1. Take peptides A:61-74, A:354-367, A:374-387 and line them up by average Cβ neighbours within 10 Å, highest first, as a rough protection proxy.
2. I need the calculated FRET efficiency for the pair residue A:23 and residue A:271, taking r as the beta carbon distance and R₀ as 56 Å, to the nearest 0.05.
3. Classify region A:296-375: rounded, prolate or oblate, from the alpha-carbon gyration tensor (a ≥ b ≥ c, eigenvalue square roots; a/c under 1.5 rounded; otherwise prolate if a/b is larger than b/c)?
4. In percent, how large is the relative contact order of chain A, given Cα pairs closer than 8 Å and 6 or more residues apart?
5. Inverting the mean 1/r over all pairs of different Cα atoms, compute the Kirkwood radius of region A:1-133 and quote it in Å.
6. Return the whole-Å distance between the Cα centroid of region A:397-453 and the Cα centroid of region A:124-168.
7. As an exercise, use a Förster radius of 60 Å and the Cβ-Cβ distance of residue A:485 and residue A:346 to find the FRET efficiency, rounded to the nearest 0.05.
8. Separation between the residue A:279 and residue A:440 pseudo-spin-labels, each 7 Å from Cα along Cα→Cβ, expressed in nm?
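Where a number appears in this text, it was derived from the coordinates with a stated rule and is not lab data. If you're wondering where the values come from, they're calculated on a predicted model, not measured in any experiment. All Cβ positions, glycine included, derive from the backbone under ideal geometry; neighbour counts span all protein chains shown.
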DNA sequence: TGCCGGACGC
């Protein structure tokens, strides 16, 4: 008669209330008729919060003759508990598994998943390889396990192995779980062609994509995240039942590809279709309003939220609301949402503070951002501890205003709290030191980083380029290629070619452009082409730059023409400057900087009539040049 | 009555 007790214990466990669970268990023990059995111990083990209590439960189970492999379910739960509570350091989990004389398939599966959750891919794999009889759950557990541990390539290999062993018979073929799992791996790897293969394979052997809304939503999410929104839309349209995840995911894809109005259109379509949006959908819709940006649509959503939830805010939704108001330059509205929801949310609300700070940063209100940071640190007055995201928001502020002392103070905070070892913070520190001109500090920060990605390398290459260190930039790039841990992307080449450009190393720049396509498989973007135009034109090879622009793979944009105009100024090429300006004005009619640049070219050549004509024309069109300003700091006050 | 999969913010 264990079932009613198990339900009560499970209820407490699912709500994370171990103390109540343990109290209920002790109460049950007082009843002489109660015998803890094979159903009770797994519940106790699954929910116990730490290794000490876990060992106590283990001892209790042993006393009642249920441990040591006597019961397969208890043994599986012991494996799970030791993995969860002792993590990667304990052999107890492995020992608990080895004690089971003949594990059932579910026991193998549970143990494999537990090892993956503890990050012990090696143990999970050795169990998988030793398993006498695998089922569909086994394969999907291994695919998901590798994906969750960041080993997407391994997940793909296991999926391929599964297809080979099971064939494509519907009865024994891929389960919906394994298809969904491998698609997550494709997203991690950004491997859209494998996702397409999985799609084709699933379509051949089943109707999962159309009939299983879970698989459909994972597939459309994979396409969306890999930048194939049109394909995501096709999958969405083919789904016979569109669940809330499918709607939200497609909306998010539109926002990601900078098409927020399409996302809002989809949101309205969803409401008309009678589907109910949840917190995630609303967060995504708010994000679309922020990207438009549309205060009207955002306010409508705010009103809808208020009617719907009353006074119960959700941290994601509140954060999105603050972000939306910040993007609409309505910082007072953002601040009032922040003040109210910060008090209503009883949990840690650091993300809310972060969003508010980033709103001030995005609107150029650096002083307000710093005031918030200071009050965050005063936890006694209702602040929240700054985390690594906070640091990534404020470090660029130290860089743009060249507030090096504040940057260093932030660096110290990061070191004291262990955030400096995180990639995001490490890259932000690197960028801050580069922009503040402390290139040697940037270098030591780079060398100290335990983990580096493409952004780390590119940031430092760009930093050397900005400070005339083309030789260091080139040797750093060569080291990046030699180490083969990360691949360069178009941005890396922009940094590298710009470094060559600033030092007049035209031939090297041309060589890197050639290598980019031929050796690294990186396709030139508009930005890369603009840096090539800059390279040639800045060195006075204006004709070659123009020739490059007429043959370059991307259509020349404002940055390419702007680079040409800048070079015309250096080399006093008035006629070229005039024709270049016409192209720029066609692309950006509102641009005032370019016209000012041309007027400076006239002025430097003594062509004062032309200067006057241009200035009059600008005034006639109502074009006003933004006033430039510089930033000075003395005794902690900025001017 | 236990094993595997999904969407959102800073």
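1. Values: A:61-74: 17.6, A:354-367: 19.6, A:374-387: 13.8.
Descending packing order for the listed peptides: A:354-367, A:61-74, A:374-387.
2. Details: r = 46 Å, r/R0 = 0.82.
The formula returns an efficiency of 0.75 here.
3. Details: a/c = 2.55, a/b = 1.32, b/c = 1.93.
Note, shape of region A:296-375 comes out oblate.
4. On the way: 869 pairs, mean separation 24.7, N = 639.
Reported relative contact order: 4 percent.
5. Values: mean 1/r = 0.0667 Å⁻¹.
Answer for region A:1-133: a Kirkwood hydrodynamic radius of 15.0 Å.
6. 40 Å
7. On the way: r = 43 Å, r/R0 = 0.72.
For residue A:485 and residue A:346, the calculated efficiency is 0.90.
8. 5.1 nm
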